[in-house]
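The values are calculated or read from the model by the stated rules, or taken from the named source; none is laboratory data. Remember, it's a predicted structure, so these values are computed and weren't measured experimentally. Cβ sites come from the backbone with ideal geometry, for glycine too, and all protein chains shown count toward neighbours. SASA here: full protein model, heavy atoms, side chains in, ligands and nucleic acids out. Shrake-Rupley method; radii C 1.70, N 1.55, O 1.52, S 1.80 Å.
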Amino acid sequence: MQKWFDSPPGSMFLDWEQTCFDACVADLFGYHALQLGQPGVQGLRTNRMPHQWLAVEVLTQCDNRGVNLLTDFSALPFPESSLDLVLLPHTLELHPHPHETLREVERVLLPEGRVVVCGINPISLWGLHEYRTRWYRRAGLGQAYLPPANNYIHPWRLRDWLRLLGFEIEVFQMGCWRPAVRTERWLSRFAWMDRLGSRWWPILGASYFVVAVKRLRGMRLLDPGWKPVGGKVATSVPVARRSGKH
């Protein structure tokens, strides 16, 4: 994935996602935050939570840039309801068991905690280009445009997974509408498509960015049990009079 981020389309893709992460996590407060995978994405750099971890899979090869935890994403070494924020930058599409990973994230998140997911949209211009060239790659012709993944997850499929696990979607954003070209020159020429894409063809955005809040069924916020003590207010009390002769 990091090699693809160094290419012109990958660099543009990373810039858009980094901007989304920076704006999203800057005002999220708590104590414990975790990013699963992709050290090239600095998802927590604007967040101010005192305890932050960057985790990669045990068998993953990386250059250890900021990595301080090796673990299995489907069996995280955190107790139940212990984290305030979990980031999943392309984590689900690269993991062989994405639903188990998402279920594990739900387990470790506190009530009202947030999960942030970004991924590649398989029904975008980029995804359709990748499917079209798959046969040619099998025949030894051409090369892949997108990074290899176990399964590109449809954003609406991800939305259904989140809802089944009790999450409420807070942000659903898409970006990167330029066609699947490889050079920086042609990507710049098609920059106008990004300016119009969100209005005219939003479903074809190459990247999606989702923020969801963990909700507990039957839980609601209560008002404080105490109330300020005020002075007694005099009230008139009706008195029944006995009728009599004068």
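Here are a few things to note about the model shown:
- Shape class of region 1-113 from the alpha-carbon gyration tensor: oblate, with a/c at 1.5 or above and b/c at least as large as a/b.
- Dividing the mean sequence gap of close Cα pairs (under 8 Å, 6+ apart) by how many residues region 77-121 holds gives a relative contact order of 57 percent.
- Nonlocal amide H pairs with GLY113, under 5 Å, H built at 1.01 Å: LYS214
- Measuring nothing but protein heavy atoms, the accessible surface of region 1-100 at 1.4 Å probe radius is 53 percent carbon and sulfur.
- Length-normalised contact order of region 28-122 in % [C-alpha pairs under 8 Å, at least 6 apart]: 29 percent
- Tensor-based shape of region 1-64 (alpha-carbon gyration tensor, a/c under 1.5 rounded, otherwise prolate or oblate): oblate
- By a 1.4 Å probe calculation restricted to protein chains, TRP186 has an accessible surface near 110 Å², given to the nearest 10.
- Highest-first packing order for the peptide set 159-169, 14-24, 107-117, 31-41 is 31-41, 107-117, 14-24, 159-169, based on the mean count of other beta carbon atoms within 10 Å.
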